[in-house]
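For reference, the structure discussed in these notes is given below.
The values are calculated or read from the model by the stated rules, or taken from the named source; none is laboratory data. All of these numbers come straight from a predicted model, not from anything done at the bench. As a convention, Cβ positions derive from the backbone with ideal geometry for all residues, glycine included, and neighbour counts pool all protein chains shown. Accessible surface is based on the protein model in full, side chains and every heavy atom, while ligands, DNA and RNA are left aside. Shrake-Rupley method; radii C 1.70, N 1.55, O 1.52, S 1.80 Å.
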Amino acid sequence: MIIDLPDTTVSQVAKQLVKVREEGGAVALGRVLTLVIAARNGVAEAAIDAANDASREHPMRVIVITTGDGDSRLDAQIRVGGDAGASEVVVLRAYGDAASNEESLITGLLLPDAPVVAWWPEDAPTSPSTSPLGRIAQRRITDAATSPDVRDRLALLGRTHAPGDTDLAWTRLTHWREQLAAVLDQPPYEPITGVEVRGGSASPSTALLAAWLQMALGVRVRWSYENPEHWQEGIKSVRLTRASGDILLERPSPGIAILTQPDQPNHDLHLPRRTLRECLAEELRRLDPDVLYGRVITEGWEKLGPPETGE
């Protein structure tokens with residue numbers, strides 16, 4: 001069910017939510033968090049779709065806020081039932097002076113006593129934790145992959161990082177980190193003497209994986225960007241060097257990786273680029289600060305050298 005509320009107020013939206021709950025049953029009960037999405041119109045629907053999918057694992061209230069120029073006005077839309085997955089979605093479109101204070105627009109719609117997660121699918125603020133929405137959120141999710149200069153964006157994330165910040169460029173690395181950790185948990189237990197990481201030039205995950213490996217293994221990591229004509233996005237390969245030979249985890253094509261190890265047959269692994277829904281659902285599983293990400297984006301990034309090839 002979709003309810004449109006043109007030229008409305010936050011108070012009227014809140015009253016309509018109560019009415020929907022009373023008429024349709026306790027649809028708001030059991031929500032575990034409030035997800036606030038700040039997105040422009042061009043990406044809002046994709047973000048809502050991802051949130052609806054993730055809500056099947058994390059029932060929540062989703063508040064989407066978009067802003068624009070024009071006469072001061074607030075248009076709203078409430079989506080429940082099949083149009084909102086296992087969540088309830090409130091879309092706020094604010095214009096002119098009505099868009100000047102994002103925090104006041106959503107404060108009256110937050111679930112009581114439930115944690116708040118703020119998500120910027122793109123165009124994240126310079127300092128998420130001190131932004132109007134970031135100040136009221138326990139977790140703040142950004143995506144460095146949407147920045148035109150991923151290296152500048154990662155450097156900025158490191159300088160402004162606060163506990164509770166995270167980035168989907170880090171979340172996309174979960175399966176790579178799991179595979180590499182599993183390989184090193186097997187004999188022979190030799191020290192790693194060298195690491196090489198390669199990935200797409202538009203992929204901040206390449207640098208984050210290099211920074212994590214350098215921190216975890218205590219060795220210098222060489223990293224580089226692939227020619228965009230040959231590889232456009234995501235991690236291409238990781239090579240770990242030790243005395244008995246190299247371990248190579250490489251994608252010959254998106255979605256498939258080949259694990260090569262000394263004196264062992266090659267293994268084909270399913271390693272696709274993670275979807276927006278998968279990354280969002282993973283981030284919503286934990287509402288405490290991601291301490292490891294914090295170390296990687298600050299300490300690890302500062303110590304990581306520049307890429308060996310330019311973009």
- Item | Residue identified as in a helix (DSSP H, G or I), open to solvent by 10 Å² or more (accessible area, probe 1.4 Å) and not hydrophobic (A, V, I, L, M, F, W, C) among D75, D71, D97, D113 | D97
- Task: Name the single residue, out of those in the range 45-68 being open to solvent by 40 Å² or more (accessible area, probe 1.4 Å) and in a helix (DSSP H, G or I), that is nearest to L284 (Cα to Cα).
- Result: D53
- Task: Inspect the range 132-148 for any residue being closer than 25 Å to G305 by Cβ and either open to solvent by less than 10 Å² (accessible area, probe 1.4 Å) or more than 21 Å from the chain's Cα centre (by Cα) (or both) and give the result as yes or no.
- Result: yes
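If I go through the range 13-44 residue by residue, how many of them are in a helix (DSSP H, G or I), at pLDDT below 85 and not small (G, A, S)?
Going through the range 13-44 one residue at a time, the tally reaches 4.
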- Message: Being assigned to a helix (DSSP H, G or I), within 20 Å of the chain's Cα centre (by Cα) and charged (D, E, K, R): is that true of E103 here?
- Response: no
- Select from the range 213-224 the residues that are among the hydrophobic types (A, V, I, L, M, F, W, C) and surrounded by fewer than 20 Cβ atoms within 10 Å (Cβ to Cβ) and write down the one among them that is nearest to W301 (Cα to Cα). M215
- Under the condition of being closer than 21 Å to A50 by Cα and among the acidic types (D, E), which residue from the range 274-298 is most open to solvent (accessible area, probe 1.4 Å)? E278
- Query: Checking A124 against (1) open to solvent by less than 10 Å² (accessible area, probe 1.4 Å); (2) more than 17 Å from R295 (Cα to Cα); (3) touching a strand residue (DSSP E or B) at 6+ places or on another chain (Cβ under 7 Å), which single condition isn't satisfied?
  - Reply: (1)
- Pairs where the first residue, in the range 122-135, is touching a residue at least 40 places away in the same chain (Cβ under 8 Å) and the second is open to solvent by 30 Å² or more (accessible area, probe 1.4 Å) and of a type in the set (S, T, Y), C-beta under 7 Å, 6+ apart: E122/T146
- Task: Among the residues of the range 299-311, write down those that are outside any helix (DSSP H, G or I) and open to solvent by 80 Å² or more (accessible area, probe 1.4 Å).
- Result: P306, E308, E311
- Considering the range 154-195 alone, what residues qualify as being open to solvent by less than 60 Å² (accessible area, probe 1.4 Å) and without any contact (Cβ under 8 Å) to a residue 12 or more places away in the chain? A181, A182
- Task: For A202, work out the one condition from (1) touching a residue at least 40 places away in the same chain (Cβ under 8 Å); (2) over 23 Å from P306 (Cβ atoms) it doesn't fulfil.
- Result: (2)
- Task: Would you mind stating whether R274 is more than 27 Å from A46 (Cβ to Cβ) and among the charged types (D, E, K, R)?
- Result: no
- Message: If I filter the range 249-278 down to residues being touching a strand residue (DSSP E or B) at 6+ places or on another chain (Cβ under 9 Å) and of a type in the set (A, V, I, L, M, F, W, C), which single residue comes out as nearest to V197 (Cα to Cα)?
- Response: L249
- Task: Quick one: count up the residues across the range 225-250 that are open to solvent by less than 20 Å² (accessible area, probe 1.4 Å) and modelled with pLDDT under 95.
- Result: 3
- Is the range 196-212 home to any residue that is open to solvent by less than 60 Å² (accessible area, probe 1.4 Å) and within 20 Å of P262 (Cα to Cα)? yes
